[in-house]
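**Q** So that we are looking at the same thing, I have put the structure below in C-alpha coordinates.
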Amino acid sequence: MARLLPGCSSVWLERLVWDQEVLGSNPSTPTTYRKDGASGGIPMKRIGLILGALLLFSPMAYGETAKAALYNAEGKEIGNATFTDDSEGVRMVLTVGELTPGLHGFHIHAVGKCEGPDFKSAGGHFNPLGKKHGAKNPEGAHAGDLQNLSVETDGTAHVEWVVKGVTLGPGENSLFHPDGTSLVIHANPDDEMTDPSGNSGARVACGVMTQ
Ligand SMILES: [Cu+2]
Ligand SMILES: [Zn+2]
(Lines give C-alpha, C1' and ligand atoms only; values in the text may rest on other atoms or scores of the structure.)
(Ligands and ions follow the chains in the order given, each with its own letter.)
Protein backbone atom coordinates (compact mmCIF):
# COMPACT_ATOMS: atom_id res chain seq x y z
CA MET A 1 0.00 0.00 0.00
CA ALA A 2 1.43 3.32 -1.01
CA ARG A 3 1.38 5.38 2.12
CA LEU A 4 3.98 8.02 1.47
CA LEU A 5 5.66 9.00 -1.73
CA PRO A 6 9.18 8.54 -0.33
CA GLY A 7 8.24 5.03 0.71
CA CYS A 8 7.24 3.95 -2.75
CA SER A 9 9.50 6.17 -4.76
CA SER A 10 12.86 4.52 -4.32
CA VAL A 11 12.01 1.21 -5.92
CA TRP A 12 9.71 2.58 -8.57
CA LEU A 13 11.94 5.50 -9.42
CA GLU A 14 14.94 3.25 -9.81
CA ARG A 15 12.90 0.84 -11.86
CA LEU A 16 11.54 3.59 -14.09
CA VAL A 17 14.95 5.13 -14.61
CA TRP A 18 16.35 1.70 -15.30
CA ASP A 19 13.59 0.93 -17.80
CA GLN A 20 14.11 4.20 -19.55
CA GLU A 21 17.89 4.02 -19.72
CA VAL A 22 18.46 0.35 -20.28
CA LEU A 23 15.35 -0.73 -22.11
CA GLY A 24 14.41 2.56 -23.71
CA SER A 25 10.82 1.79 -22.84
CA ASN A 26 9.50 5.06 -24.19
CA PRO A 27 9.77 4.64 -27.96
CA SER A 28 8.84 8.25 -28.71
CA THR A 29 11.93 9.47 -26.89
CA PRO A 30 15.06 7.74 -28.13
CA THR A 31 17.23 6.81 -25.20
CA THR A 32 20.28 8.96 -24.80
CA TYR A 33 23.12 8.09 -22.55
CA ARG A 34 25.37 10.38 -20.62
CA LYS A 35 26.88 12.70 -23.15
CA ASP A 36 29.82 13.75 -21.01
CA GLY A 37 30.79 10.26 -20.01
CA ALA A 38 31.54 11.54 -16.52
CA SER A 39 30.78 9.30 -13.61
CA GLY A 40 30.52 11.99 -10.93
CA GLY A 41 27.67 14.33 -11.85
CA ILE A 42 23.98 13.61 -12.31
CA PRO A 43 23.18 14.00 -15.99
CA MET A 44 20.30 16.25 -16.99
CA LYS A 45 18.57 13.33 -18.63
CA ARG A 46 18.39 11.51 -15.32
CA ILE A 47 17.18 14.60 -13.46
CA GLY A 48 14.43 14.97 -16.05
CA LEU A 49 13.43 11.35 -15.63
CA ILE A 50 13.36 11.65 -11.86
CA LEU A 51 11.23 14.79 -12.01
CA GLY A 52 8.95 13.07 -14.48
CA ALA A 53 8.65 10.05 -12.24
CA LEU A 54 7.87 12.25 -9.23
CA LEU A 55 5.06 13.87 -11.19
CA LEU A 56 3.87 10.51 -12.43
CA PHE A 57 3.78 8.98 -8.97
CA SER A 58 2.66 11.96 -6.92
CA PRO A 59 -1.00 10.89 -7.30
CA MET A 60 -0.05 7.94 -5.09
CA ALA A 61 -0.51 10.30 -2.16
CA TYR A 62 -4.14 10.52 -3.24
CA GLY A 63 -4.46 6.89 -4.21
CA GLU A 64 -4.70 5.45 -0.74
CA THR A 65 -7.35 2.82 -0.16
CA ALA A 66 -8.94 1.41 2.96
CA LYS A 67 -11.73 -0.93 3.90
CA ALA A 68 -14.01 -1.77 6.79
CA ALA A 69 -16.07 -4.88 7.49
CA LEU A 70 -19.21 -4.05 9.49
CA TYR A 71 -20.43 -6.25 12.31
CA ASN A 72 -23.69 -6.12 14.22
CA ALA A 73 -24.09 -6.39 17.99
CA GLU A 74 -24.17 -10.21 17.72
CA GLY A 75 -20.80 -10.18 16.04
CA LYS A 76 -22.16 -11.14 12.61
CA GLU A 77 -20.66 -9.51 9.54
CA ILE A 78 -23.44 -7.59 7.80
CA GLY A 79 -21.64 -5.40 5.32
CA ASN A 80 -18.49 -3.77 4.10
CA ALA A 81 -17.16 -0.48 2.89
CA THR A 82 -14.25 0.54 0.73
CA PHE A 83 -12.53 3.91 0.79
CA THR A 84 -10.39 5.66 -1.79
CA ASP A 85 -8.66 8.99 -1.39
CA ASP A 86 -9.49 11.49 -4.07
CA SER A 87 -8.97 15.20 -4.51
CA GLU A 88 -12.23 16.14 -2.75
CA GLY A 89 -11.94 13.86 0.24
CA VAL A 90 -12.48 10.14 0.66
CA ARG A 91 -14.79 8.20 -1.63
CA MET A 92 -16.77 5.61 0.31
CA VAL A 93 -18.69 2.72 -1.18
CA LEU A 94 -20.82 0.92 1.40
CA THR A 95 -23.04 -2.13 1.11
CA VAL A 96 -24.80 -3.35 4.23
CA GLY A 97 -27.79 -5.54 5.11
CA GLU A 98 -29.82 -6.88 8.03
CA LEU A 99 -30.73 -3.43 9.31
CA THR A 100 -34.16 -2.05 10.14
CA PRO A 101 -35.66 -0.02 7.27
CA GLY A 102 -35.52 3.76 7.51
CA LEU A 103 -32.94 6.38 8.44
CA HIS A 104 -29.98 5.57 10.64
CA GLY A 105 -27.36 7.88 12.12
CA PHE A 106 -24.05 7.09 10.47
CA HIS A 107 -20.63 8.38 11.48
CA ILE A 108 -16.91 7.89 11.42
CA HIS A 109 -15.88 7.42 15.05
CA ALA A 110 -12.54 8.39 16.54
CA VAL A 111 -11.24 5.01 17.72
CA GLY A 112 -10.58 2.02 15.52
CA LYS A 113 -12.01 -0.52 17.91
CA CYS A 114 -15.41 -2.29 17.65
CA GLU A 115 -16.22 -4.27 20.77
CA GLY A 116 -19.80 -5.46 20.87
CA PRO A 117 -22.49 -5.44 21.79
CA ASP A 118 -22.54 -1.68 22.51
CA PHE A 119 -19.50 -0.60 20.45
CA LYS A 120 -18.69 2.11 22.97
CA SER A 121 -15.05 1.24 22.33
CA ALA A 122 -15.33 3.20 19.05
CA GLY A 123 -15.32 6.46 21.06
CA GLY A 124 -16.98 9.67 19.94
CA HIS A 125 -17.25 11.07 16.45
CA PHE A 126 -14.02 11.71 14.57
CA ASN A 127 -13.48 15.37 15.38
CA PRO A 128 -9.92 16.56 14.77
CA LEU A 129 -10.98 20.21 14.49
CA GLY A 130 -12.88 20.42 17.80
CA LYS A 131 -16.31 21.15 16.27
CA LYS A 132 -19.79 20.35 17.60
CA HIS A 133 -22.03 17.68 16.14
CA GLY A 134 -24.14 18.00 13.05
CA ALA A 135 -24.35 19.68 9.67
CA LYS A 136 -27.26 21.81 10.95
CA ASN A 137 -25.31 22.90 14.04
CA PRO A 138 -23.83 26.40 13.66
CA GLU A 139 -20.72 25.15 15.48
CA GLY A 140 -20.59 21.94 13.49
CA ALA A 141 -19.89 19.61 12.09
CA HIS A 142 -17.57 16.84 13.18
CA ALA A 143 -15.34 15.63 10.36
CA GLY A 144 -16.85 12.19 10.98
CA ASP A 145 -20.48 13.27 10.62
CA LEU A 146 -22.06 11.55 7.63
CA GLN A 147 -25.54 11.84 6.17
CA ASN A 148 -28.21 9.56 7.59
CA LEU A 149 -28.05 6.13 6.03
CA SER A 150 -31.31 5.27 4.29
CA VAL A 151 -32.07 1.56 4.62
CA GLU A 152 -34.48 -0.05 2.14
CA THR A 153 -37.49 -2.09 3.15
CA ASP A 154 -35.43 -5.26 2.62
CA GLY A 155 -32.92 -4.09 5.24
CA THR A 156 -30.14 -3.24 2.80
CA ALA A 157 -28.39 -0.01 1.95
CA HIS A 158 -25.89 0.82 -0.73
CA VAL A 159 -24.26 4.23 -0.92
CA GLU A 160 -21.37 5.78 -2.76
CA TRP A 161 -20.40 9.10 -1.22
CA VAL A 162 -17.41 11.40 -1.12
CA VAL A 163 -16.72 12.29 2.50
CA LYS A 164 -15.17 15.73 2.46
CA GLY A 165 -12.66 17.03 4.97
CA VAL A 166 -10.98 13.70 5.71
CA THR A 167 -8.08 11.86 4.15
CA LEU A 168 -6.50 8.43 4.12
CA GLY A 169 -3.08 10.04 3.79
CA PRO A 170 -1.11 11.88 6.46
CA GLY A 171 -2.36 14.96 8.32
CA GLU A 172 -4.64 15.87 11.21
CA ASN A 173 -7.76 14.79 9.29
CA SER A 174 -6.30 11.39 8.54
CA LEU A 175 -8.59 8.44 9.16
CA PHE A 176 -5.40 6.61 10.09
CA HIS A 177 -4.48 8.85 13.00
CA PRO A 178 -2.82 6.93 15.88
CA ASP A 179 -6.11 5.72 17.45
CA GLY A 180 -7.54 4.65 14.11
CA THR A 181 -11.16 5.18 13.15
CA SER A 182 -14.30 3.12 12.69
CA LEU A 183 -17.57 3.34 10.84
CA VAL A 184 -20.68 3.19 13.06
CA ILE A 185 -24.37 2.83 12.19
CA HIS A 186 -26.93 3.79 14.85
CA ALA A 187 -30.45 2.55 15.63
CA ASN A 188 -32.19 5.88 15.09
CA PRO A 189 -31.97 8.82 12.68
CA ASP A 190 -29.43 11.56 13.37
CA ASP A 191 -31.08 14.98 13.87
CA GLU A 192 -27.82 16.54 12.60
CA MET A 193 -27.88 19.09 15.40
CA THR A 194 -27.79 17.65 18.92
CA ASP A 195 -24.29 17.40 20.31
CA PRO A 196 -22.53 15.02 20.57
CA SER A 197 -24.26 12.35 18.49
CA GLY A 198 -27.50 13.70 17.05
CA ASN A 199 -29.77 11.62 19.32
CA SER A 200 -29.15 8.68 17.09
CA GLY A 201 -29.37 6.09 19.82
CA ALA A 202 -27.66 2.74 20.18
CA ARG A 203 -24.79 1.68 17.99
CA VAL A 204 -26.04 -1.25 15.93
CA ALA A 205 -23.14 -1.88 13.57
CA CYS A 206 -19.43 -1.11 13.66
CA GLY A 207 -16.47 -1.62 11.37
CA VAL A 208 -12.82 -0.78 11.95
CA MET A 209 -11.06 1.09 9.17
CA THR A 210 -8.12 -0.96 7.93
CA GLN A 211 -5.67 -0.61 5.07
CU1 LIG B 1 -21.99 7.38 15.55
ZN1 LIG C 1 -20.91 14.06 15.16
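The values are calculated or read from the model by the stated rules, or taken from the named source; none is laboratory data. Please read all numbers here as calculations on a predicted model, not as lab measurements. Every residue, glycine as well, gets a Cβ built from its backbone with ideal geometry; the counts of neighbours run over all protein chains shown.
**Q** Among the listed residues GLY140, GLY124, identify the single one that is within 18 Å of PRO178 (Cα to Cα) and surrounded by fewer than 21 Cβ atoms within 10 Å (Cβ to Cβ).
**A** Only one candidate passes the filter, namely GLY124.
**Q** Shifting gears a bit: Specify which of the listed residues (GLU160, GLU172) is in the same structural domain as PHE83 (by TED's automatic domain parsing), in a strand (DSSP E or B) and surrounded by fewer than 19 Cβ atoms within 10 Å (Cβ to Cβ).
**A** GLU160
**Q** Continuing with this model, one more query. Looking only at residues that are touching a Cys at 6+ places or on another chain (Cβ under 9 Å) and within 14 Å of ligand 1 (Cβ to nearest atom) in region 114-145, which one is farthest from ALA205 (Cα to Cα)?
**A** Top of the filtered list is SER121.
**Q** Related question: What number of residues within region 93-118 satisfy the criterion of being under 18 Å from PHE83 (Cα atoms) and within 16 Å of ligand 2 (Cβ to nearest atom)?
**A** 6
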